[in-house]
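Here is the structure we will look at.
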Amino acid sequence: MADGILGSAPVNRVARGGVTAFFVYSVGIGLTYFSQLVIARVVDVDTYGAYAYAFAWMVVLSYFSALGFDVGLLRFVPAYKAERAWPLLQGVIQYAQRRAAVVGVAVVFVGIWVVEAFGWSPELRSTFLAGFALVPILALVRIRCSVVRAFGGVVSALVPDRAVRDGMLIGLLAIASWGFGWTLNAPFVMVATLISSALGLICAGVAMRHRRPRAVDGIVPVYDAAARRRAAIPLVILGATEALMNRTGVILLGWIADTKNAGIYSLAFNIALVVTLPRIAVNTLFAPEISNLYARGDKVTMQVLITKAASWTFCAGACIAAALFILAGPLLAWFGAGYEAGVPALRTLLISQVMAASAGSQLYVMTMTGHERGAAVLLVCCAMINAGASAVLVGMFGLIGAAIGTAVSLVVWNAAMALFLLLALQLLPGVLAIFRVSREEEPVVITSRERVK
């Protein structure tokens, strides 16, 4: 009966994996926000702002250092595995890790030189110096977790980056503040983040070795460098630009206004990202499945999967956003004095995230179908719009201006990707196709007379 429904196997596979990932991500997100609460409780709002400003830069730089392989491996690894091209599979994993490590270390040295050239306050300077060591670690964590995802490991791909890193951070801060009674500053919090991320990197390496096929053991790697380079430029632009666009508000507020407002906005933005939790969970298996279906030329099942996944993420995201919208005031006040100034910004961001959720995982559809160059062009254009609009609005309205700039660019970006998918792949974006897909999924009833014919 299940086989008679179009695309039921891939859809059910993504649904089951998405449910599992949702619970794991929920635990991880819970730890993430609990760690933010711990930081906000043990330091004042100004110290948290300095940490959030520096960490925003480290995240952007780590995406750049990953060179787009955290996305590219989701495309290459399933393809090589399906073809049983073990030397190429081994080669692409080693190539990704080595290149990311080299670029990450280079970023560390360049960053140290930049920090020494500017006359920053001692606390901000020390925070950045500690943070630069975080860049190659975060890049390698993302790459290794992507390999685990590509091998089909849902839980084991999520635990190192979420549960281990944030759980360890909570433990270190709790012991230092409540156990030893230390007064914590931004550099100490950044060092604690560095230690917990290093532990996450070790766990990601163990998970990667455990999940990889045994046929890869002892295989001499083959490096298809030409294919990597063709995909590398648009993918690194995608990874770094998306990270930059997500943190443009924090960076501009820290640069134009002050790090206190940057910290408040960072907290509001991170809370709004809870709306993306269902989409992130579904994406753990959505991206490799789209790559597989596209390689087989099964565009009809792709449409079913895209629409179903968008409907799941939209409904779940809207429910989460509604609750956070109502509780925005008490929730931010819970983090400490001064954070309630971010309530209007949080509500603005929640509305834009719901609108984005209705469009589904369009970026993954574009990258998994070989349209990463088009995706990069669209993202860069929207990032430029975001930076320009946010810079003007931050200067005029402060916190709420940063939120409006981010919200507008997010909606414009998703609308542009939807139009691209419709024109280039003839795929209806997001939840717009749900009624059409429902009709296509109806099983065909064959009468006895038709059987005779």
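So here's what we get for this one:
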{"read-out": "Kirkwood hydrodynamic radius of the stretch 229-357, from inverse mean 1/r over distinct Cα pairs, in Å", "value": "16.7 Å"}
{"read-out": "Approximate spin-label separation GLU116-VAL155, in nm, with each point projected 7 Å along Cα-to-Cβ", "value": "4.8 nm"}
{"read-out": "Cα→Cβ-extended label distance, 7 Å offset, between VAL220 and ALA323, nm", "value": "5.6 nm"}
{"read-out": "In sequence order, calculated HN-Hα J values of the stretch 62-70 (Karplus, 6.51, -1.76, 1.60; Hz; x Gly/Pro)", "value": "5, 5, 4, 5, 5, 6, x, 6, 5"}
{"read-out": "As computed over the stretch 84-241, the Cα convex hull volume per residue (Å³)", "value": "130 Å³"}
{"read-out": "Sorted largest first, extent of the stretch 250-316 alpha carbons per principal axis (Å)", "value": "52, 24, 15"}
{"read-out": "Over the stretch 161-300, volume per residue of the alpha carbon convex hull, in Å³", "value": "199 Å³"}
{"read-out": "Coordinate range along principal axes, alpha carbons of the stretch 143-214, Å, largest first", "value": "48, 18, 15"}
{"read-out": "The stretch 57-155: relative contact order as a whole-number percent, Cα under 8 Å and 6+ apart", "value": "48 percent"}
{"read-out": "Cα-only Debye scattering, the stretch 38-121: base-10 log of I(q)/I(0) at q = 0.24 Å⁻¹", "value": "-1.10"}
{"read-out": "Relative contact order (%) - the stretch 183-324, alpha-carbon pairs under 8 angstrom, separation at least six", "value": "17 percent"}
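Each reported figure results from applying straightforward, stated rules to the coordinates on display, with no laboratory input. These numbers come from a predicted model, not from an experiment. Positions of Cβ are backbone-derived with ideal geometry, glycine not excepted, and every protein chain shown enters the neighbour counts.
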